[in-house]
Structure formats: structure tokens, C-alpha cells
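What follows is a set of notes on a single structure, which appears directly below.
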Amino acid sequence: MAVVVRVPAHYEPTRAAIEAGKHVYTEWPLGRTTAEAEELAALARARDVQTACGLQSRVSPALLYMKEQIEAGFVGEVLSCHADCMRDGALERPSSRTWQRDASLGANPLTIANGHVIDALRFVVGNFTRVSAMLTTQARQWYETDTKKMVDVTAPDNILVSGKLASGAVASVHVAAVPWAGGGIADGDLRARRDTDGDRQRLVTARRDAAGAGGEA
Amino acid sequence: MLRVQGAKRSHELSDMPIPDRFVWLPPEFPRGDPFNVGQMYRLFAEAIRTGQTQSRLPTFDTAVDLHRFLDTIRQSSDTGRELPVA
């Protein structure tokens, strides 16, 4: 069984599937909260069913290759790494799509975009041992296009994480949903970049060919 | 699809072709966003067929670990402190 409904509704059908003895694939985030995810994982173990959770960076051919190359010593000892992903954050949505503003429902840039990006970094370079973070909500209200009301946002839209990995490398991650950040067609988007990349022996996954979203690790 | 670039003893990054051994889907499977999800389903099918947990397949345990890490991130932001990751 595959559970591909909205995040706050993952728990019920996933639990029902396990209790019926079905193998179950649930999209990431597994639960609305860690407690929900822990309960589902424990139940699946007790019932001896196969599980999968949609953290698909871990099966990306590019990232599997990067991980292999790093483990084989392509860059030597990894000293430092960075991942970022800055995407368009809608300021206007229909009321059917504004539920994600509620941080307690567990489907927001912290859990989804940052969840996938930071999981990719952990998969390729290794787990964090120490972490320091700043979460902020920069776009504090959204406009509901059908009700014509402004609604408050409690979910974070900017996630800044720095830390140390088990390997001793340091890492920084910035994931954000920012109005008008999409695809290089932004109003007021400035970038400065060196013509040539001066870093020696650096291994990066480049940006997606078409989209403006960054995918460096 | 992501592409990988690398440089060794050089300032020039160049494309590193991704070996076929990481591709578990047939050539007619669409490239682009659905691709990695297809890879997931392939491994999940293998797990069901064999009854064996596939080491490369992210499971509910992988998810719990990430949920806990995100809690630590949240807690660090709330307290303004650097925290150890369990």
C-alpha cells in the first residue's frame, strides 16, 4: 500500500495498513510529529511488514555516485560542505492550500524542502554530531485568494543550519521558500558569482539544468 | 535530473557521467522529477518480493531518525543554543 495523501493524514491509513499486515510505502514526512512516526515504525517492526518512506535523495543516481566517490577518497578528507535550496514561496493561495501555514501540521519548508535537502547532505557526507539552527518565518501572512483574507503563518519558511559532522567536516545548510525567488525571473534577485571556480578538488552536484533551485552539496 | 561535476588537481569542474550501476529502472522510464520515486518503488517491490529489508531503501526507521534530527534543529532555534545530535 502507498500513502500519498496530505501529511497530517499520513498516520491513520499507514497504521491501518500495518495492522492489516500490508507492506507500506508512506511519503516523507512520515508523520505530523516525531511521536506519530515513532509509533508507526514500532508497529511496523512488531507486525514484521516491509516499510519505505519517501526520502528519495537516497536513491538518486547522482547522489549515490557522489557518496561513493567521497567514500573512495575523491576529495580526500571532507573539511567543509554546503547545501542550499531557495525556492519561490507563494504569498497568495486558495484556502484549500493555506493549511500548510500551521506549523503543528508538520508540512512546511522545515520538514519538506529542508527535510529532503538536509537528508541528502547527511546521506552523502554523513550525519551531524552538533548543530545550531535559526528558523524564521519571513513571510508572516498569506493572502487567501477565494476568501480574500490575510491569514497568519506560524510555519518557518527560512531554515539556517550549521554544524559539525561525524567525520569532523563542518556543514552549512540554508533552505528557504522566498517570495519571487523562483527560476531566475525574480523581481529584484541579485547574484554575484566568480567567473571561475577557485576551489580545488571540489565535488558538487550542479544546479538542476532547467530550474533555478539550487542543489549543491 | 542532477548532474555531478568534479575537479581533481585542476580549477576546472567537469561533468562526471553517472554510472549505470546506480540506475535500477528501465530506459523508457521518464527522466526528471518522478525518476527517484521510481527508484524507490523498485526497491520497495524487491523488499516485498524477497521479504528482505533492502539496505539502500529508506524505511520508517530512516524517517524516524530524520524526524528526531529536525526536532533538534527546532530546539536549537528555540533555545538559541548549539546542541549535540543524538
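Tallying residues that are surrounded by fewer than 10 Cβ atoms within 10 Å (Cβ to Cβ) and either facing another protein chain (nearest Cβ under 8 Å) or under 16 Å from A:Ile70 (Cα atoms) (or both) within segment B:13-37 yields 1.
Return yes when A:Val75 is modelled with pLDDT under 95, more than 7 Å from chain B (Cβ to nearest Cβ), assigned to a loop (DSSP other than H, G, I, E, B) and in contact with a strand residue (DSSP E or B) (Cβ under 7 Å, 6 or more places away or on another chain) and no when it is not. It is true that A:Val75 is modelled with pLDDT under 95, more than 7 Å from chain B (Cβ to nearest Cβ), assigned to a loop (DSSP other than H, G, I, E, B) and in contact with a strand residue (DSSP E or B) (Cβ under 7 Å, 6 or more places away or on another chain). Among all positions in segment A:147-156, there is no residue which is farther than 30 Å from A:Ala62 by Cβ, at pLDDT below 95 and more than 18 Å from the chain's Cα centre (by Cα). The number of residues in segment B:57-86 being within 8 Å of another protein chain (Cβ to nearest Cβ) and under 18 Å from A:Leu30 (Cβ atoms) comes to 17. Restricting segment B:38-55 to residues that are surrounded by 10 or more Cβ atoms within 10 Å (Cβ to Cβ) and within 16 Å of the chain's Cα centre (by Cα), the residue that is nearest to A:His23 (Cα to Cα) is B:Phe44.
Filtering segment A:82-130 to residues that are closer than 18 Å to B:Val64 by Cα and among the hydrophobic types (A, V, I, L, M, F, W, C) leaves A:Leu105, A:Ala107, A:Leu110, A:Ile112, A:Ala113, A:Val117, A:Ile118, A:Ala120, A:Leu121, A:Phe123, A:Phe128. Summed over segment A:22-38, residues that are more than 24 Å from B:Gly38 (Cβ to Cβ) and either touching a residue at least 24 places away in the same chain (Cβ under 8 Å) or aromatic (Phe, Trp, Tyr) (or both) total 4. Report yes if A:Ala37 is at the interface with another protein chain (Cβ under 7 Å from one of its Cβ atoms), within 17 Å of the chain's Cα centre (by Cα) and at negative phi, otherwise no. Here the answer is yes, as A:Ala37 does meet what is asked.
Of the set (1) outside any helix (DSSP H, G or I); (2) free of Cβ contacts under 8 Å to residues at least 24 places away in the same chain, all apply to A:Ala46 but (1). Can you confirm whether A:Arg130 is out of contact with any helix residue (DSSP H, G or I) (no Cβ under 6 Å at 6 or more places or on another chain), without any contact (Cβ under 8 Å) to a residue 40 or more places away in the chain, of a type in the set (Lys, Arg) and surrounded by 15 or more Cβ atoms within 10 Å (Cβ to Cβ)? Yes; evaluated as a whole, the condition is true for this residue.
List pairs: first in segment A:50-63 and closer than 16 Å to B:Gly6 by Cβ, second of a type in the set (Val, Ile, Thr), Cβ under 6 Å, 6+ apart or cross-chain? Partner pairs satisfying both residue conditions: A:Pro61/B:Ile18; A:Pro61/B:Val23; A:Ala62/A:Thr205; A:Ala62/B:Val4; A:Ala62/B:Ile18; A:Leu63/A:Val124. The residues of segment A:120-154 that are out of contact with any Gly (no Cβ under 9 Å at 6 or more places or on another chain) and facing chain B (nearest Cβ under 10 Å), listed by number, are A:Arg122, A:Phe123, A:Asn127, A:Leu135, A:Thr136. When A:Glu68 is tested against (1) more than 9 Å from every other protein chain (Cβ to nearest Cβ); (2) without any contact (Cβ under 8 Å) to a residue 60 or more places away in the chain; (3) surrounded by fewer than 20 Cβ atoms within 10 Å (Cβ to Cβ), exactly one condition is not met: (1).
For (1) among the small types (Gly, Ala, Ser); (2) surrounded by 19 or more Cβ atoms within 10 Å (Cβ to Cβ), each residue gets a yes or a no:
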{"site": "A:Leu64", "(1), (2)": "no, yes"}
{"site": "A:Glu92", "(1), (2)": "no, no"}
{"site": "A:Arg97", "(1), (2)": "no, no"}
{"site": "A:Ser104", "(1), (2)": "yes, no"}
{"site": "A:Val117", "(1), (2)": "no, yes"}
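Return the only residue of A:Leu160, A:Leu165, A:Leu203 being in contact with a helix residue (DSSP H, G or I) (Cβ under 7 Å, 6 or more places away or on another chain), modelled with pLDDT of 95 or more and within 11 Å of another protein chain (Cβ to nearest Cβ).
Being in contact with a helix residue (DSSP H, G or I) (Cβ under 7 Å, 6 or more places away or on another chain), modelled with pLDDT of 95 or more and within 11 Å of another protein chain (Cβ to nearest Cβ) holds for just one of A:Leu160, A:Leu165, A:Leu203, which is A:Leu165.
Does B:Arg49 fit the bill of being basic (Lys, Arg) and on the phi > 0 side of the Ramachandran plot? No, not satisfied.
The values are calculated or read from the model by the stated rules, or taken from the named source; none is laboratory data. The structure displayed is predicted, hence computed values, not measured ones. Because the Cβ atoms are built from the backbone with ideal geometry, glycine has one as well, and the counts that use them run over all protein chains shown.
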